[in-house]
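Written out below as structure tokens is the structure these notes cover.
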Amino acid sequence: MKQQATISLYWKCQLIGWSVAALYWGYTGYSQPGFHWLLGIIQFTTDVAVYIFITHLYRCLALKLGWQNLGLNKLLPRLIPAVIVLGLVYLFVTVSKVYFFRVWFQPGFSKSFTEFFDFYRDSIFVAGVRLMSIWLLAYHLYHYSKREIGIARENARLAVITRDAQLNNLSAQLNPHFLFNSLNNIKALIIDDPKSARRAIDLLADLLRNSLYSGDKQMTTIKEELELVKDYLELEKLRLEERLQYHIEAGDEFHDMLIPRLSIQTLIENAIKHGIGQQKQGGLISIKLTNNHSGLTMCITNPGRLKPIEESSGLGIKNLNERLQLQYKGAACFIISEANDMVTATIKIPLA
């Protein structure tokens, strides 16, 4: 199939702009007595052709000199002399064209070129400067805005690439941390409780399978995250037995909502390591999800005391906080607080 030829935006603007100007000049001549139709058509055709030729020559020169890539502060000093030069070219071309058309089509026309030029010089020069100023500003502002949009688009693309690289790096750090915790749990069970150790290995296999199939995902549904959390809690319960109790409060309406992968899981690991694991009698881990106009709130509560130095130095907590800020561009909120020997980790994220 033959490809259909198309006219570029530049040539469309050239043709439409100068045609409108030539039609206006033709209408002005038509309203005067003694209008000559053949002369009007010739004037219109030559006006469009000649002025397109002049401005196109400027465009070729500007492209050769690289003016379309200049900033406004460097471009404006070049445009002022360019407008004057183009205004002078417009003056000589227009006066010459009109003069010779008068000689050819107007019987009895006897003025010399010098007299004709002196009579129309100022008005045509001012009109030329005005027209060329409009053309130059439109042409260069189009290129300037196009360049700025391109730069903004490229910066946005680079920002997305950078953010994805940061999230991938944080996820790569988090997965080994999660794996080592699970292996330590199994190690503690092998000698004392081989049966529970075998069950723990099965759970770890499921956890690893989930990690392998979801390793490149930054987001996951709450249902998938909670299934992962339940497997991990069962794995830990094999080690801690009755010392670990847990309760999950999340309705079915939350299941399809997307959250950063391993966000709840990271807080559960932290609750067991710094909370339940430090209590002789153990305790209850509570997971509660609520939804309101401000967004989704996830609260993980466990017995224990808040130790700022230890809490702030944890790799998982640091990574989780950074991932939330990157993923939601600062709109997410992550808080760890203590009240009545209970520690509560709260994540608030805006709803898409």
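Condition first: at pLDDT below 75 and either surrounded by 12 or more Cβ atoms within 10 Å (Cβ to Cβ) or among the basic types (Lys, Arg) (or both). Now tell me which residues in the stretch 1-28 satisfy that. Give the steps one after another, and end with the answer.
Keep residues of the stretch 1-28 that are at pLDDT below 75, which gives 1-6.
Answer for the stretch 1-28, where residues must be at pLDDT below 75 and either surrounded by 12 or more Cβ atoms within 10 Å (Cβ to Cβ) or among the basic types (Lys, Arg) (or both): just Lys2.
Could you run through the stretch 92-102 and say how many residues are of a type outside the set (Gly, Ala, Ser), more than 13 Å from Ala127 (Cβ to Cβ) and surrounded by 13 or more Cβ atoms within 10 Å (Cβ to Cβ)?
Step one: of the stretch 92-102, the residues of a type outside the set (Gly, Ala, Ser) are 92-95, 97-102.
Then drop every residue that is not more than 13 Å from Ala127 (Cβ to Cβ), which leaves 92, 97, 99-102.
Keeping just the survivors that are surrounded by 13 or more Cβ atoms within 10 Å (Cβ to Cβ) gives 92, 97, 99, 101-102.
Summing the residues that are of a type outside the set (Gly, Ala, Ser), more than 13 Å from Ala127 (Cβ to Cβ) and surrounded by 13 or more Cβ atoms within 10 Å (Cβ to Cβ) in the stretch 92-102 gives 5.
Residue by residue through the stretch 287-308, note down the ones that are among the hydroxyl-bearing types (Ser, Thr, Tyr) and buried (at least 20 other Cβ atoms within 10 Å of the Cβ). Before you say what the answer is, go through the steps one by one.
Step one: filter the stretch 287-308 for residues among the hydroxyl-bearing types (Ser, Thr, Tyr), giving 290, 294, 297, 301.
Answer for the stretch 287-308, where residues must be among the hydroxyl-bearing types (Ser, Thr, Tyr) and buried (at least 20 other Cβ atoms within 10 Å of the Cβ): just Thr301.
Of all residues being touching a residue at least 24 places away in the same chain (Cβ under 8 Å) and within 35 Å of the chain's Cα centre (by Cα) in the stretch 72-84, which is farthest from Lys97 (Cα to Cα)? Just the residue, please. Quick ask: steps written out before the conclusion?
Within the stretch 72-84, the first condition is being touching a residue at least 24 places away in the same chain (Cβ under 8 Å), and the residues that meet it are 72, 75, 79, 82-84.
When the remaining residues are screened for being within 35 Å of the chain's Cα centre (by Cα), the result is 72, 75, 79.
On the way: Leu72: 35, Leu75: 32, Leu79: 26 Å.
For the stretch 72-84, the residue satisfying everything is Leu72.
Between Gly316, Gly330, which is of a type in the set (Gly, Ala, Ser), modelled with pLDDT under 85, in the same structural domain as Asn270 (by TED's automatic domain parsing) and part of a loop (DSSP other than H, G, I, E, B)? Spell out how you get there, then give the answer.
Values: Gly316 fails: part of a loop (DSSP other than H, G, I, E, B).
Going through Gly316, Gly330 in turn, just one is of a type in the set (Gly, Ala, Ser), modelled with pLDDT under 85, in the same structural domain as Asn270 (by TED's automatic domain parsing) and part of a loop (DSSP other than H, G, I, E, B): Gly330.
Evaluate the following for Gly66: is it surrounded by 17 or more Cβ atoms within 10 Å (Cβ to Cβ) and assigned by TED's automatic domain parsing to the domain that holds Ser123? Walk me through how you get there before you give the answer.
Numbers: surrounded by 17 or more Cβ atoms within 10 Å (Cβ to Cβ): no; assigned by TED's automatic domain parsing to the domain that holds Ser123: yes.
It is false that Gly66 is surrounded by 17 or more Cβ atoms within 10 Å (Cβ to Cβ) and assigned by TED's automatic domain parsing to the domain that holds Ser123.
In the stretch 274-293, what count of residues is obtained for those that are farther than 14 Å from Thr346 by Cα and either modelled with pLDDT of 90 or more or not in a strand (DSSP E or B) (or both)?
12
Scan (1) surrounded by 19 or more Cβ atoms within 10 Å (Cβ to Cβ); (2) at pLDDT 90 or above; (3) among the polar types (S, T, N, Q); (4) closer than 23 Å to Leu204 by Cβ for the single condition Asn270 breaks and write down its number.
Tallying (1) surrounded by 19 or more Cβ atoms within 10 Å (Cβ to Cβ); (2) at pLDDT 90 or above; (3) among the polar types (S, T, N, Q); (4) closer than 23 Å to Leu204 by Cβ, Asn270 fails exactly one: (2).
The values are calculated or read from the model by the stated rules, or taken from the named source; none is laboratory data. Since the structure is predicted, the reported quantities are computational estimates derived from the model, not experimental observations. Glycine gets a Cβ as well: all are built from the backbone with ideal geometry, and neighbour counts include every protein chain shown.
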